[in-house]
Amino acid sequence: MGHRITNKVSIGGDNSGRITQTGIEGGDTGTTVASLLGLVERLTAEVRGKDLAKQEVLEDTLTDLTADLRAGDAAEPAVVRSRWEKVKGLLGGLAQFSELVAKISDQVQKIFT
């Protein structure tokens with residue numbers, strides 16, 4: 001994975017507001033995304049085969065999230081955040097996953113701002 005940012009910038013008219021960047025931040029993004037991918041894969045393994053509410057939806061969403069993270073720079077930040085929020089909602093308050101959910105949430109927030 002490279003360190004390129006693929007955000008589109010449109011400038012026109014009167015631009016007096018702040019310019020902000022969203023998406024994958026610079027730095028050692030590959031290592032960070034790889035670390036996040038490892039955590040998501042670990043959560044997927046722990047969830048698989050459990051008898052949780054909406055189990056199939058949860059597993060499908062985790063599979064899609066894993067594919068997004070493997071796509072690296074091609075991953076849409078909004079899609080990654082949305083899928084992660086869905087997973088968090090489906091796991092809502094299950095103590096056995098809370099530590100892992102917190103770690104993943106922190107990394108998603110840092111990488112996909």
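The values are calculated or read from the model by the stated rules, or taken from the named source; none is laboratory data. Given the structure is predicted, the values throughout are model-derived calculations rather than measurements. All Cβ positions, even for glycine, are placed from backbone atoms using ideal geometry, and neighbour counts span all protein chains on display. For the accessible areas, the whole protein counts, side chains as well, though only heavy atoms, and no ligand, DNA or RNA atoms are used. Shrake-Rupley method; radii C 1.70, N 1.55, O 1.52, S 1.80 Å.
Please compute the alpha carbon radius of gyration of the range 35-113, then divide it by the globular-protein estimate 2.2 N^0.38 Å. Two decimals is fine. Write down the numbers at each step before the final one.
Details: Rg = 11.5 Å, N = 79, 2.2 N^0.38 = 11.6 Å.
Cα Rg divided by the expected 2.2 N^0.38 Å: 1.00.
Given R₀ = 22 Å, FRET efficiency for Glu76-Leu52 by Cβ-Cβ distance, to 0.05? Could you put the intermediate results ahead of the total?
Numbers: r = 27 Å, r/R0 = 1.21.
That gives a FRET efficiency of 0.25.
Please report the carbon-and-sulfur percent of the accessible area for the range 31-75; probe 1.4 Å, protein heavy atoms only, DNA, RNA and ligands left out.
Details: 1130 of 2310 Å².
Summing carbon and sulfur atoms, their accessible area is 49 percent of the total for the range 31-75.
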